[in-house]
Amino acid sequence: MNIIENNLKFKNKLKKTNKLSMIVIHHAAHSRAAVDDIHKWHLANGWSGFGYHFLITKDGQIYRGRPENTIGAHCKGHNQNSLGICLQGNFEVEKVSKIQLKALIELCQYLCNKYGISTIKGHRELRATSCPGQNFPLMEIKSRVFGKFDTYTVKAGDTLWSIATYYNMEVCKLMELNGLKGSLIYPGQILKIM
Ligand SMILES: [Zn+2]
């Protein structure tokens, strides 16, 4: 997977975040808009500029928007703790291409592993909007991103250490994968394992 860097000029200094727990998926609601176009639109909104962290074009290229450690402007009320990924296209009327879908899944898997993220939402699941469009396969994305993990249901007496040992994982990896901040787990809890 390759992320194409660029040097967008943001109007204001972007605020930092270090508590990422979610990915929010959007569409550009425009068939051909590229990073520079969206950057101009978002500047015209009075924002600092391109509000997402990534744009995936129809040919499956992944472009960097805001740096991952800065707060985006893509989903009011959820920007502090989420990464925004936008897909080129208007999926109210178009369909997501296979190559674009593949790039999105790879990017989501990379980010979920890197930050221990276990929640992916479409914009419309958080706000009153149709974004990322009625044709967008949200369920398929979620199951394909998380489908590569097996799950384990915690039983009474289990500890993170015993589960990690059983699956030959490091405890810190198990915690990262599940977004756990401490060692507390409870019977019935479903953990992702690798
Ligand atoms: Zn959106």
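Dipole size of the stretch 85-172 about its Cα centre, with +1 on Lys/Arg Cβ and -1 on Asp/Glu Cβ: approximately 160 debye, rounded to the nearest 20. Taking the three principal axes of the alpha carbon atoms in the stretch 150-193, the coordinate ranges are 21, 21, 17 Å, sorted in descending order.
Determine the alpha carbon to alpha carbon distance for each of K95/K155; K40/K102; K114/K155 and list only those over 32 Å.
Working: K95/K155 43 Å; K40/K102 28 Å; K114/K155 27 Å.
Where the Cα-Cα span goes over 32 Å, the pairs concerned are K95/K155.
How far, in degrees from 0 to 90, does helix 98-115 lean away from the longest principal axis of the Cα atoms of the chain, to the nearest 10? Rounded to the nearest ten degrees, it is 50.
The label-point distance for E94 and S21, in a model that sets each label 7 Å from Cα toward Cβ, rounds to 3.4 nm. Debye-formula intensities of the chain, expressed as log10 I(q)/I(0) at q = 0.13, 0.14, 0.18 Å⁻¹, are -0.71, -0.80, -1.18 (one equal scatterer per alpha-carbon, no solvent). Kirkwood analysis of the Cα pair distances in the stretch 1-103 returns a hydrodynamic radius of 13.7 Å.
First measure r as the distance between the Cβ atoms of R144 and K173, then evaluate 1/(1 + (r/R0)^6) with R0 = 22 Å and state the FRET efficiency to the nearest 0.05. Let's see the in-between values first.
Numbers: r = 21 Å, r/R0 = 0.97.
It comes to 0.55.
For the stretch 165-194, the residues whose backbone nitrogen is under 14 Å from a point 7 Å from the Cα of K155, taken along Cα to Cβ, are 166-167, 187-189. Where both residues lie in the chain, what percent of DSSP beta bridges are antiparallel, nearest 5? In the chain, DSSP labels about 40 percent of beta bridges as antiparallel. Note on W41, W161: ascending count of other Cβ atoms within 10 Å places them as W161, W41, the fewest first.
How large is the helix-only mean residue ellipticity at 222 nm for the chain, computed as the sum of -39500 (n - 2.57) over DSSP H runs with n ≥ 4, divided by its residue count, in deg cm²/dmol to the nearest 500? Write down the numbers at each step before the final one.
Details: 5 runs with 52 residues, N = 194.
Mean residue ellipticity, 222 nm, calculated: -8000 deg cm²/dmol.
Taken together, the values in this text are just the output of simple stated rules run on the coordinates, not laboratory data. No experiment lies behind these values; they were computed from the predicted model shown. Neighbour counts are summed over all protein chains in view; Cβ atoms, including those assigned to glycine, are modelled from backbone coordinates with ideal geometry.
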